[in-house]
Amino acid sequence: MDGFDVIPAIDLKGGSLAALTAGDPSTLRALRGDPLVAARAFVEAGARWIHVVDLDAATSGQPANLGLVASIAAMDVRVQAGGGLDAEGVRRALDAGADRAVLGAGMVARPGEAADVITANPGRVGLAVDVRDGMIAPRAQEPTGLSLEQAIAIISGCHPAFLTFTESGRDGSLAGPNAPGAVALRERTGLLVIASGGVRSVADVIALARHAPKLAGVIVGRALHEGRVDLREALAAVAALQPS
């Protein structure tokens, strides 16, 4: 990764656009629109990456929307696949055309499996760090019982290419991102960290980008789909912060 990436997110459920708030399955709702049309719009706006979240995988660990992953990967954009993926789910997502994939936060409790798939795919596998009240709380999955402090020790032994940091209660909430938490994770692990959850405006994106290179990027979902963030504007604002 180089610079600071603004990464639009597309959440999928049963092949359609969907949304989830605070990682709570009871909040799952369908969104209007074609995911491929949404992806194409992001590409035309200048996105370098699209974060494709398979909400079907969030409960099973196995992706169920690989055809859409492949179709988006065929566009002029790189795909980062996520959604509670286990080791086999990561392998399948990469085989489908994703450039990189994110192991679900629950895999912190299965460090041997996590390390194996990370080692087998150098530079292509990250790990989600989803946190609620100081505990690892995978989205739409059972809690791990591990504290963030315990998880950091485990993560250091797995050597993921990057981490995504989400405070679960802010995910899809438009409550503002937890920049200090994301920066602290970078400082504690030394790994590349992508912030996620809570972004509500271009100002939020700029505030996170000011933490580069400690932060490698931000994933933006709901705010883009609801028109609260204009991707072109956000990308231009971030570019203006980069050293010439």
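Every number here is computed from the coordinates shown, using simple stated rules; none is lab data. Values in this document were obtained by computation on a predicted structure and should not be read as measured data. Virtual Cβ from ideal backbone geometry, glycine too; neighbours counted across all protein chains shown.
Structure summary
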read-out: Residue-averaged [θ]222 nm for the chain, counting only DSSP H segments that reach four residues, each worth -39500 (n - 2.57); value: -10000 deg cm²/dmol
read-out: Mean Cα-pair separation over length for the chain, i.e. relative contact order, pairs under 8 Å, 6 or more apart, %; value: 19
read-out: Extension gain (nm, one decimal) between residue 40 and residue 2, 0.36 nm per residue minus Cα-Cα; value: 11.4 nm
read-out: Cα lying deepest toward the dipole's positive end in the chain, options 122, 229, 51, charges on Cβ; value: 229
read-out: Average Cα contact separation per residue, the range 134-244, under 8 Å, 6 or more apart, as relative contact order %; value: 21
read-out: Nitroxide proxy distance, nm - points 7 Å out along Cα→Cβ at residue 207 and residue 232; value: 2.6
read-out: P(r) tail fraction, the chain - alpha-carbon pairs more than 24 Å apart, %; value: 38
read-out: For 51, 159, order by how many other beta-carbon atoms lie within 10 Å, fewest first; value: 159, 51
read-out: Net dipole in debye of the chain [+1 Lys, Arg Cβ; -1 Asp, Glu Cβ; about Cα centre; nearest 20]; value: 320
